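Below is one structure, written out as structure tokens; the observations come after it.
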Amino acid sequence: MRSGYGRSIFEPLLPLILGRDVSGEVAAVGASVKSLTVGQEVFGALHPTALRGTYTDYAILTEDELSPKPASLTHVEASAIPFAALTAWRALKSTARITEGQRLLVIGGGGAVGFSAIQIAVAAGCHVTTTCGNQSINRLIAAGAEQAVDYTSEDIESVIKEKFDAVLDTIGVPETERTGINLLNRGGHYMTLQGEAAALSDRYGLPIGLPAATAVLFKKRIQYKFSHGIEYSWIYMRADSEGLHEIRRLSEAGKVSIPVEKTFSITQVREAHEAKDKKQILGKVVLELD
């Protein structure tokens, strides 16, 4: 976003505030808010197109975007969870509707969304296989994945022998899309985080880009329905009060967590972004208010 992703939506509305995740204390509530009170510790996430983000002393969120903070977590730990976990929740629970005993493949399990998906699926009683870099294998096995395949050194389709009821592709390039769809059972769900709505809208403008993206999605859904008998979806995070409360419950039970690699003061946003841009920090980074 800082370098222009989503410009078709955000550029006419500049300036905007970055940041989606938040964990903190309620400072004030609107007259119609019933479930939260001033002074309560909460965590949550803004929707992807929010203009007023969370890189602020005071962030503004709706009641549906917040939940009481897991009591067992610090604000730093809690703030790393909501956006990634809600994205995974939307894929697995709202779209694929996974159930106990089903098989899930997470392509790119080392990132925050993939790692969240593994934990949510394991908590639901699913069998999980994932692909990742070599440095993530032990962490993903410890999180409950039954098989973790190093995509940098192994051919995924040769190593993975079974088929799956759902595939969550956090990478979303043509190669991983082909692999994921080939490994699905008929009637299964392929879900990618790399939908083309923003990219096409940025390239051609909203009036052309959004209809073009809708046409691309419709074409792929029809194509894969007839060729493979599967469902095809683009996944975006959306506010989900019920999902966030369930994520809180899983976090309190120690079943969902996202490790934080480094914290910066909120006055060091530039340094934090530069460290991520240069890949000096691979894990989650949290900004703290002094």
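Values computed for the structure shown
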| quantity | calculated |
| --- | --- |
| Unique residue being surrounded by fewer than 24 Cβ atoms within 10 Å (Cβ to Cβ), in contact with an Asp or Glu (Cβ under 7 Å, 6 or more places away or on another chain) and farther than 17 Å from GLY188 by Cα when the list is VAL122, VAL76 | VAL76 |
| Those residues of the range 219-236 which are free of Cβ contacts under 8 Å to residues at least 60 places away in the same chain and polar (S, T, N, Q), in sequence order | GLN223, SER227 |
| Residue within the range 173-181 that is in the same structural domain as GLY111 (by the TED database), under 16 Å from ALA91 (Cα atoms), buried (at least 24 other Cβ atoms within 10 Å of the Cβ) and in contact (Cβ under 8 Å) with a residue 12 or more places away in the chain present | yes |
| From the options ALA78, ALA27, ALA50, ALA31, residue that is in a loop (DSSP other than H, G, I, E, B), touching a strand residue (DSSP E or B) at 6+ places or on another chain (Cβ under 9 Å) and among the small types (Gly, Ala, Ser) | ALA50 |
| Among the residues listed as GLY39, GLY24, the single one being among the small types (Gly, Ala, Ser), outside the structural domain of GLU196 (by the TED database) and surrounded by 15 or more Cβ atoms within 10 Å (Cβ to Cβ) | GLY24 |
| Criterion: modelled with pLDDT under 85 and either closer than 19 Å to GLY172 by Cα or open to solvent by 60 Å² or more (accessible area, probe 1.4 Å) (or both) - qualifying residue of TYR204, TYR224 | TYR204 |
| Test: ASN134 is out of contact with any helix residue (DSSP H, G or I) (no Cβ under 9 Å at 6 or more places or on another chain) and outside the structural domain of SER251 (by the TED database) | yes |
| Odd one out for ALA197, checked against (1) assigned by the TED database to the domain that holds LEU282; (2) within 30 Å of LYS163 (Cα to Cα); (3) of a type in the set (A, V, I, L, M, F, W, C) | (1) |
| Subset of the range 1-21 [assigned to a loop (DSSP other than H, G, I, E, B), surrounded by 10 or more Cβ atoms within 10 Å (Cβ to Cβ) and either free of Cβ contacts under 8 Å to residues at least 60 places away in the same chain or not hydroxyl-bearing (Ser, Thr, Tyr) (or both)] | MET1, GLY4, GLY6, LEU16, LEU18, GLY19, ARG20 |
| Some residue of the range 57-68 being polar (S, T, N, Q), over 30 Å from PRO174 (Cα atoms) and open to solvent by less than 20 Å² (accessible area, probe 1.4 Å) | yes |
| Selected residue (only one of ALA198, ALA272 is surrounded by 15 or more Cβ atoms within 10 Å (Cβ to Cβ) and over 21 Å from GLU77 (Cβ atoms)) | ALA198 |
| Count - residues of the range 134-145 that are loosely packed, with under 15 Cβ neighbours inside 10 Å and in a loop (DSSP other than H, G, I, E, B) | 0 |
| ASP150, sole failed condition from (1) among the charged types (D, E, K, R); (2) closer than 21 Å to SER257 by Cβ; (3) open to solvent by less than 30 Å² (accessible area, probe 1.4 Å) | (2) |
| Of all residues in the range 77-131 being among the charged types (D, E, K, R) and assigned by the TED database to the domain that holds GLN147, the one that is nearest to the chain's Cα centre (by Cα) | ARG90 |
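The values are calculated or read from the model by the stated rules, or taken from the named source; none is laboratory data. Because the structure is predicted, anything quoted here is derived from the model rather than measured. Using ideal geometry, Cβ is built from the backbone for each residue, glycine included, and neighbour counts are taken over all protein chains shown. Note: areas computed on protein heavy atoms with side chains; ligands, DNA, RNA excluded. Shrake-Rupley method; radii C 1.70, N 1.55, O 1.52, S 1.80 Å.
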